[in-house]
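Q: Submitted below is the structure of interest, expressed as structure tokens.
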Amino acid sequence: MGLFSRFFSEFVDVIEWTDDTSNTMVSRFERYGNEIKYGAKLIVREAQFAVFVNEGEVADVLGPGTYELETKNLPVLTTLQNWHHGFESPFKAEVYFCNARRFTDLKWGTKQPLMLRDSEFGGLRIRAFGTYGVRITDALTFIREIVGTEGVFTTDEISSQLRNLITSRFATIIGGSNIPVLDMAANYDQLGEFLTTRIAPEFGEYGLELTRILVENISLPPKVSEALDKRTSMGMTGNLDRYLQYQTGASMEAAAANPGGGASDGVGMGIGFAMANQMSDQMRGSGQVASPPPVPGTSQSVYHVVVDGEARGPYSVDLLKQQAASGALSADTLVWAPELVQWQAAGTVDALSSVWGDSNPTPPPIPS
């Protein structure tokens, strides 16, 4: 640089900061030797603060506007007063620009599930997450408490601390709110407003304003959610008898789709008889009559059936027909009725010949 250019640069200087990022909170104006020229122009735009630090001490905090830097109105020593130093002042000054706009869409969330006591489900673990917004309101406090001497400071460098603060207070508030977990979705707005009011003073200690906290979701662990979905599904069926009939039909369909399933035959038969037994108990317990009583002077046989080594029943012949049609009852299945001396294969009982319709099952060999 020539002598004239260097001389001219001592008198022409513009200090300003334009930000093309979305997360920069503080930026230090970089100048060779941190020299502030006499008569330099300082431009502070809207949503900005300019903080002067002279010889390690804060000299002034300026809001939006254009300023001419002179010793008569700023406590900054310039090179014009020190020509005998060759235009290199031994006094150093720095300018920190603070972005005072609102920083939004910052994330918060629970790293680990929170334990709470629910009035309906007892002990539960929940997760929660959302967003929040902040902005710098006290530039001097923010630089002293958080930024220090960093040249560039972004939201990434403080978001972890703020997120932990929100999560900790959220756990305390939600644990003492006594809001049932099924009603939390209806209280997201109130929770967010209460969190904002409760935590704002702690953000103020950093020179920040907490503008808003939004609760986006409060969720249960996957297994608990699955159990809740099943409970909801059962509630939507309305009539228990119809639900049991639906389950029985689904089991029959699954058995028909896998006729050679081997072990699945016993499982399907067990499910079918269990469903039938539950339906019978339900009808007896509710006082409902599924069919007219037997005509006087006649008898209607009922049978017990061996399923997975256990006796089930009693079941009517009509119910056994349904089980035979679905494949849950076979000719080898052991049955017993009061008129039989001992357990017999169903295919050897004459009274059950109508169970298989017109087809005559091959009786199993009689053990010798």
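The values are calculated or read from the model by the stated rules, or taken from the named source; none is laboratory data. Since the model is a prediction, treat every value here as computed from it, not as a measurement. Cβ sites come from the backbone with ideal geometry, for glycine too, and all protein chains shown count toward neighbours.
Q: Go through the range 332-355 and report how many residues are in contact with a strand residue (DSSP E or B) (Cβ under 6 Å, 6 or more places away or on another chain) and either part of a helix (DSSP H, G or I) or farther than 17 Å from Ala311 by Cβ (or both).
A: 1
Q: Return the pairs, sorted by first residue and then second, in which the second residue is surrounded by fewer than 17 Cβ atoms within 10 Å (Cβ to Cβ) and of a type in the set (Lys, Arg), the first residue lies in the range 130-151 and is under 20 Å from Val44 (Cα atoms), the beta carbons are less than 9 Å apart, and the residues are 6+ apart or on different chains.
A: Listed by first residue and then by second, the contacts come to Arg135/Arg101; Arg135/Arg102; Ile136/Arg101.
Q: Looking only at the range 98-136, which residues are closer than 25 Å to Val51 by Cα and surrounded by fewer than 16 Cβ atoms within 10 Å (Cβ to Cβ)?
A: Within the range 98-136, Arg101, Arg102, Thr104 qualify.
Q: Can I ask one more? Name every residue in the range 1-31 that is at pLDDT 65 or above and either exposed (fewer than 15 other Cβ atoms within 10 Å of the Cβ) or of a type in the set (Val, Ile, Thr) (or both), in order of residue number.
A: Val14, Ile15, Thr18, Asp20, Thr21, Ser22, Asn23, Thr24, Val26, Glu30
Q: Go through the range 178-196 residue by residue and tally those that are out of contact with any strand residue (DSSP E or B) (no Cβ under 9 Å at 6 or more places or on another chain) and of a type in the set (Ser, Thr, Tyr).
A: Total satisfying the criteria: 0.
Q: Report those helices (runs of 4 or more DSSP H) wholly inside the range 172-286 carrying at least 3 residues which are under 36 Å from the mean Cα position of the chain (by Cα), of a type in the set (Ser, Thr, Tyr) and at pLDDT 60 or above.
A: In the range 172-286, 188-204, 222-237, 240-257 are the helices (runs of 4 or more DSSP H) which contain 3 or more residues that are under 36 Å from the mean Cα position of the chain (by Cα), of a type in the set (Ser, Thr, Tyr) and at pLDDT 60 or above.
Q: Do we have Gly176 as assigned by TED's automatic domain parsing to the domain that holds Leu124, loosely packed, with under 12 Cβ neighbours inside 10 Å, under 17 Å from Leu114 (Cβ atoms) and small (Gly, Ala, Ser) here?
A: So Gly176 fits the description; yes.
Q: Taking the condition part of a helix (DSSP H, G or I), surrounded by 13 or more Cβ atoms within 10 Å (Cβ to Cβ) and polar (S, T, N, Q), does Asn164 pass?
A: Taking the combined requirement at face value, the residue does not satisfy it.
Q: Find the residue count for the range 304-339, including only residues that are modelled with pLDDT under 85, aliphatic (A, V, I, L, M) and farther than 15 Å from Ser354 by Cα.
A: Going through the range 304-339 one residue at a time, the tally reaches 3.
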